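Single-structure report; data block below.
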Amino acid sequence: MKTARMALLSNVNMNFVIRLLKRQMEIYEAEGYGNELGLLMNPASSYHTFAPAYTFLVMDLMELLEHELEEQTALERVNNWFDMLESSLADTTTYYVSDAYLWGVELDVLVDKSRKQTLEQLWMQRLQRLCAEHTNVRIFPYRHLVEQMGEGNVFSPKMWYMGRILLSNDAQKRLCEAILACLEREQRVAKKVLLLDLDNTLWGGLAGEAEQSPIVLSEEHEGLAYKNLQRVILHMQRQGVLLAIVSKNNEEDALEIIRSHPHMLLREECFAAKRINWQGKHENILEIAKELNLGTDSFVFWDDNPSERELVRKMLPEVIVPDFPQSAEELAPCMAEIYEQYFAKPVLTQEDRDKTEQYAANAKRGALQKAAHSFEEYLKQLELVITRVNPAAHVERLTQMANKTNQFNLTTRRYTLQEMQEILQDENREVYLYNVADRFGDNGLVAMVIVHFPEGSEDVPVVEEFVMSCRVMGKQIENAVLQDVEQSLREAGCTKLKGIYLPTAKNKPVEMLYPELGYTQCERYPKGGAAYLAELNQVPARPYQAKVLKDATLEV
Amino acid sequence: MREQILGLIEGILNVPMGTITEDTKIADVEEWDSLAHVMIIGELESIGVSIPVEEAIELTSVAELFEKAGV
């Protein structure tokens, strides 16, 4: 941790805490105690000369109230203190002000047992307002420390009488730890995504075996331990932690539980991303990183299976992989600790609360193609650019495409480099080559068409080769490409165009390409396949969402 | 027990082991100021050694401390 210059001010003796902290950082040493407002409000004070980056105000409410327990008087004292503190705040410092814990033996004899809470509430209301109005003021969780340790262990009458030291030695050490935790939180980069397994992690047992053994998730026994774990995770999610599922299940079985199990608290909308499949978890994690557009160094992976944890540790060392508890009752506390250790932030913004929604929306944008009605939208957002380039310089790529492409290949003719070279120089053939790019990057040269013009002037030009790389299939690129070819033929004075389909074991996907694009079958080959014909001035407009350009060298 | 108390005192004073012995006078140790003294008395409580406030304040040496602690 970087050393931060800090000050600890109090109305009780905190000098030993300061002494402990001094062993690890630069800390302001006040003269005495109880003059916190004087130091803060006097610009010439030794406190301002020291100029701390962080100022902790750990206040004892009973001392501040001077044991005055009447509500009206107490309110005046609290208001007075906060008014003065507020007037002294400087932008150059981050302030941590303790929340209230009123302690004093006389409280035990008060008949009005709610008084303690009423008085603490006066403090809390002012403190919360101060935090809301000043982004550099935060609550220091002093109360939590008392509650965890218990009054009897925190307050030490003996130390108080000896030196106005309110807290026991143990409590002072815990106070040091709490201060250091705040500073660390200020300086570290919090993790963003919690990757979760499902079986034996979010619930007990295995999904998809409901007939024989339903999953363990309920209001009792072990099932309640899993439910309580989900409660912790749900609150983490509401505070801005993004959740993602990385699980080896049949997706349907898992989703069935997530959607309709009565005790499931983490429903589908809680997850910003899901990978429920049989793929390696490290691969799924990389996909999620891409989908959410976040670095894997902001990921924490939680899985009950030690070999999965080991795999992720090995393959993605930047992902945090905490250990998994041995028994179900440890699940929820363990997750709370993970939150504290990796996700907690000094302050929570509205943005944090909205995060899952934002990210889920982004992820949906990426998965737009799944919804048929928005396919056009999806293609539009891809910002496809199809550029016809001069084929002369790409004979190797042309040969490679013709020989390697199996699916989107209408005739599946193979060529040697020499043959392709000859085709390029053949006056009776025209080669069209296309580059495809989208907003995610350049896909390279991925589509080619070879048109043959037979000798006789009566004869119709034939598309003897139409090949497209499978990585750009499914984006209506073929529509744009064929349209471009037809356009250029029209410009060259052609009125008809013939297309050929020759079936192979692999090119079934394009069997109906020509009829779908408005061509009419004109010939059937006895060995399979067919020829199709179109009148170039009658071809229908086919849908596509792409900009079609021509390389400058083709303009001549 | 005496060893344990010496170690505990050294921990509070943040001094090397062996610095504090049964012969040590409080006034001779720079780090042993009044604050440290209170902390030492407080720390003794945590191991079950309780010295009354008024007696604790008057201690001048480790030997006296042992005597009051009854160890």
### Query
Just to be sure, is B:G7 without any contact (Cβ under 8 Å) to a residue 12 or more places away in the chain and within 14 Å of chain A (Cβ to nearest Cβ)?
no
### Task
Filter region A:422-439 down to residues that are touching a residue at least 12 places away in the same chain (Cβ under 8 Å) and open to solvent by 80 Å² or more (accessible area, probe 1.4 Å), then give me how many there are.
1
### Summary
Condition set away from every other protein chain (no Cβ under 14 Å) and touching a Phe, Trp or Tyr at 6+ places or on another chain (Cβ under 8 Å), scope region A:29-51, selection surrounded by the fewest Cβ atoms within 10 Å (Cβ to Cβ): answer is A:S46
### Task
Output yes when any residue across region B:10-33 is within 11 Å of chain A (Cβ to nearest Cβ), under 16 Å from A:M162 (Cβ atoms) and either free of Cβ contacts under 8 Å to residues at least 24 places away in the same chain or among the acidic types (D, E) (or both), and no when none is.
yes
### Query
Going by the structure shown, is A:D108 more than 32 Å from the chain's Cα centre (by Cα) and more than 14 Å from chain B (Cβ to nearest Cβ)?
yes
### Query
Considering A:K248, A:K191, which residue is open to solvent by 20 Å² or more (accessible area, probe 1.4 Å), modelled with pLDDT of 90 or more and within 30 Å of A:M6 (Cβ to Cβ)?
A:K191
### Query
Is there a residue being of a type in the set (A, V, I, L, M), under 30 Å from B:N14 (Cα atoms), within 14 Å of chain B (Cβ to nearest Cβ) and not in a helix (DSSP H, G or I) anywhere in region A:17-28?
no
### Message
Go through (1) within 14 Å of chain B (Cβ to nearest Cβ); (2) not in a helix (DSSP H, G or I) for A:M162 and report which single condition fails.
### Response
(2)
#### Entry: Residue that is most open to solvent (accessible area, probe 1.4 Å) [pool: residues in region A:398-421 that are in a helix (DSSP H, G or I) and of a type outside the set (A, V, I, L, M, F, W, C)]
A:K404
### Query
If you go through region A:58-67 one residue at a time, do you hit one that is part of a loop (DSSP other than H, G, I, E, B) and surrounded by fewer than 20 Cβ atoms within 10 Å (Cβ to Cβ)?
yes
## Note on the structure
If you go through A:A74, A:A90, A:A100, the only one that is open to solvent by less than 50 Å² (accessible area, probe 1.4 Å), in the same structural domain as A:Y161 (by TED's automatic domain parsing) and in a helix (DSSP H, G or I) is A:A74
### Task
Return the total of residues in region A:137-156 being assigned to a helix (DSSP H, G or I) and either open to solvent by less than 20 Å² (accessible area, probe 1.4 Å) or touching a Leu at 6+ places or on another chain (Cβ under 6 Å) (or both).
4
### Task
Run down A:N305, A:N293 and say which single residue is open to solvent by 30 Å² or more (accessible area, probe 1.4 Å) and within 22 Å of the chain's Cα centre (by Cα).
A:N293
### Number of positions in region B:51-68 that are more than 8 Å from chain A (Cβ to nearest Cβ) and open to solvent by 20 Å² or more (accessible area, probe 1.4 Å)
9
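The values are calculated or read from the model by the stated rules, or taken from the named source; none is laboratory data. Please read all numbers here as calculations on a predicted model, not as lab measurements. Don't worry about glycine lacking a Cβ; one is built from the backbone with ideal geometry, like all the others, and counts go over all protein chains shown. The protein model used for the area step is the full one, side chains on, heavy atoms only, and it has no ligands, DNA or RNA in it. Shrake-Rupley method; radii C 1.70, N 1.55, O 1.52, S 1.80 Å.
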